[in-house]
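Data block below; observations after.
The values are calculated or read from the model by the stated rules, or taken from the named source; none is laboratory data. If you're wondering where the values come from, they're calculated on a predicted model, not measured in any experiment. Cβ sites come from the backbone with ideal geometry, for glycine too, and all protein chains shown count toward neighbours.
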Amino acid sequence: MICLAYLSSSTLPIDAATLSDILAKSQRNNTANNVTGLLCHHDGSFLQFLEGGAEDVEATFQRICADPRHRGLIEVYRQPVTERAFGAWSMGVARLDKMDEAERAFCTSLRTVELSATAAHRDALEPFLQTFRAWLR
């Protein structure tokens, strides 16, 4: 089993209805593919964790990569895991309007992280994402 995380930006405006639609489709598809995870959205930016069997997660990730609604997609985390952090969620969503001030500040700080697709950036970000993943359990 693996956990994969990526960051991307939306090519379209994301309102509450659009986000609900994305979440519903993700939940349906992920249930069928035995993938669980968490979607974080803030102001047109996404951080998403996917977890499950390596082939299932990779197939889901490749569908996301091919989706024209994403741009600047960067895989930032891919590690084997022994248990699911988001096992109860075919796709959960982190909603900033439901978080306290410190949690919102933590999530919005993701927008200031400078990233590229290089291994050095992924290595530097990995401990941060492991902490974030554990915090969301």
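Scanning segment 72-99 for residues that are modelled with pLDDT of 85 or more and loosely packed, with under 12 Cβ neighbours inside 10 Å returns Pro80, Thr82, Glu83. Quick one: would you say Ile14 is part of a helix (DSSP H, G or I) and buried (at least 16 other Cβ atoms within 10 Å of the Cβ)? Spelling it out, it is not the case that Ile14 is part of a helix (DSSP H, G or I) and buried (at least 16 other Cβ atoms within 10 Å of the Cβ). For segment 24-39, the count of residues that are within 17 Å of Phe86 (Cβ to Cβ), at pLDDT below 90 and β-branched (Val, Ile, Thr) is zero. Residue count for segment 76-92, restricted to those that are outside any strand (DSSP E or B) and under 25 Å from Ala16 (Cβ atoms): 5.
Across segment 20-57, the qualifying residues are those that are among the hydrophobic types (A, V, I, L, M, F, W, C) and surrounded by fewer than 16 Cβ atoms within 10 Å (Cβ to Cβ), and the one among them that is farthest from the chain's Cα centre (by Cα) is Ala32. Out of all the residues in segment 29-75, which are part of a strand (DSSP E or B) and of a type in the set (Val, Ile, Thr)? Result: Thr36, Ile74.
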